[in-house]
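Data first, discussion second: the structure below is written as structure tokens.
The values are calculated or read from the model by the stated rules, or taken from the named source; none is laboratory data. A quick note: this is a predicted structure, and the numbers were derived from the prediction, not measured. No Cβ is skipped: glycine too gets one built from the backbone with ideal geometry, and neighbour counts run over all protein chains shown. SASA here: full protein model, heavy atoms, side chains in, ligands and nucleic acids out. Shrake-Rupley method; radii C 1.70, N 1.55, O 1.52, S 1.80 Å.
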Amino acid sequence: DFPVEKWIEKVHPEDLEETQKSLDGHLSDQKKRKWSENYRFKNNKGEYIHIVENGYILRDNAGIAYRMIGALRDVTDLYGYEKELFMSNERFKYLTQATSDAIWDWDLEKNEVYWGEGIETLFGYKLSELSTDINMWLKNIHPEDMEVASDSLKNAIAGSERKWEAEYRFATETGEYKYVYDRGYIVRDQFGKAIRAVGAMQDISKTKEYESSLKSLNEDLKKHAKELEISNAELEQFAYVASHDLQEPLRMVTSFLTQLEKKYSEQLDEKAHTYIHFAVDGAKRMRSIILDLLEFSRVGRSEDKQELIDVNEIISEVKLLCHKEIEDSDAVISTEVLPEIMAPKSPVRQVFQNLISNAIKYRKPSVTPEIEIKVEESGKYYVFSIKDNGIGIDPEYFDKIFIIFQRLHQREKYSGTGMGLAVTKKIIENLGGKIWLESKEGEGSIFYFSILKH
């Protein structure tokens, strides 16, 4: 015997109203004999468990219920399993909504494939109209890719692998093909037999297009590199001609004009001597231009090997090379302790020589040139600076001074061909660095250039 009051006390408060209503409804309906309900019930430990109660209602001749016989069954474990299954299905549902990939689930025992919403998003197929037949997948693979893709999956399923992946083209609802990356996981039973495969198809069409464009670009670069190689060979040939064939006529002009002046000096008037001087000077300047142009064309083709060089020693060598300029101008060159770098020695020496020579050349009248050489570290570079107290440069001409044959001053005032800074810039850029400056007209200049540490 179990009083109804005690039964009511043990039914979970949240389930009591619905359960009582269901029971009263069945008892009052003269046609109903069976009653079943799920609810939570308190056991002897005071814990609520999920139960299913099934009862049979006994009625008299008038259909009035006078007795009910039933049984309560604990279904807590089953309820937990169903809840977990429901949550799992919910997670799968939300996952398919959260990703743009086409998620698929292949039941190998039933040979049925279930698709996530991504199949509709990526390829335009209506979920409600999709067949669960695996042939739906097979028939939409590009004919050229079908054998490789299907065979690789069949082999993975037949073997012992757990993971499978493939790249192939898959048709959209409109017949257009997209490149996809398909990756799956194979579920096996205790005997190793594949019973299920779950995976996702990802659209990689844009990646493929990018790869294709890169391949095309690389082909173009190879073509241009070949053309550049041919062009460089032609320039080398021109440089050879410039260094030999063009210089010989200039030497002859200079030589014969000089002899003419010596032999007929007394017979020539002042105007004739002036003409000869201009002609000889022009020939000498032409030779200087040819040599500077030849030097510019050779930058970057130096056969000097990379070596560890001490920049302090480079500065000492430059001081010796510029000894006369330094002595004539009383120039003062100060340096801090400079580092060692890995680079070809000759080009680096030429950079410092060109910049120091310019600092001395473009000095203020009656002012002793003061040149300060420093260095700072900047990531993988050393940044050198050469500061002077010379005539300075208007910022308007910062770019112009690095172009070949560009001069800011009259030749009569400052000698040279206008190639020094162009050569310097080309050397530094070939060494992987860059050059720039800070300057104001009348206030001196600071030239900066970077060189890789190693």
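Against the chain, whose longest principal axis is taken from its Cα atoms, helix 345-361 shows a tilt of about 60°.
Its relative contact order, with pairs defined as Cα atoms under 8 Å and 6+ residues apart, puts the chain at 7 percent. Dipole of the chain (Lys/Arg Cβ +1, Asp/Glu Cβ -1, origin at the Cα centre): which of H454, L23, N140 lies farthest to the positive side? Projecting each Cα onto the dipole axis, the largest value belongs to H454. Helix 420-430 and the longest principal axis of the C-alpha atoms of the chain enclose an angle of approximately 30°.
Separation of the alpha carbons by more than 32 angstrom is noted, of K380/K400; K226/K434; K374/K426; K178/K380; K163/K206; K110/K206, for K178/K380; K110/K206.
Here the Karplus relation 6.51 cos²θ - 1.76 cosθ + 1.60, evaluated at θ = phi - 60°, turns the backbone of segment 188-199 into coupling constants of 10, 7, 5, 9, x, 7, 6, 10, 6, 9, 10, x Hz, with x for every Gly and Pro. For K31, the lysines whose Cα falls under 24 Å of its own Cα, not counting residues fewer than eight places away in the same chain, are K21.
Highest-first packing order for the peptide set 176-185, 69-78, 429-438 is 176-185, 429-438, 69-78, based on the mean count of other beta carbon atoms within 10 Å. Under the criterion of Cα pairs below 8 Å and six or more residues apart, the relative contact order for segment 1-75 equals 24 percent. Per residue, the accessible area of the chain comes to 65 Å², computed with a 1.4 Å probe over protein heavy atoms only. Projecting each Cα onto the charge dipole of the chain (Lys/Arg +1, Asp/Glu -1 at the beta carbon, about the Cα centre), which of S205, L437, N218 comes out farthest on the positive side? It is N218, whose Cα lies furthest towards the positive end. Take each peptide in 35-48, 265-278, count the other Cβ atoms within 10 Å of every residue, and average; sorted highest first, the result is 35-48, 265-278.
Summing +1 for each Lys or Arg and -1 for each Asp or Glu among the other residues whose beta-carbon sits under 9 angstrom from that of G184 gives 0.
Summarised in one figure, the compactness ratio Rg/Rh of segment 98-203, Cα atoms and Kirkwood Rh, is 0.95. Relative to the dominant Cα principal axis of the chain, helix 270-298 is inclined by about 30°. Considering the values [x] 40, 28, 23; [y] 35, 24, 20; [z] 97, 31, 19, which represents semi-axes √(5λ) of the Cα gyration tensor in Å as calculated for the structure under consideration? Here semi-axes √(5λ) of the Cα gyration tensor in Å agrees with entry [z]. Basic side chains Lys and Arg get +1 at the Cβ, acidic Asp and Glu get -1 at the Cβ, and with that the dipole of segment 100-197 about its Cα centre reaches some 320 debye.
When the solvent-accessible area of the chain is split by element, carbon and sulfur atoms take up 51 percent of it, the probe being 1.4 Å.
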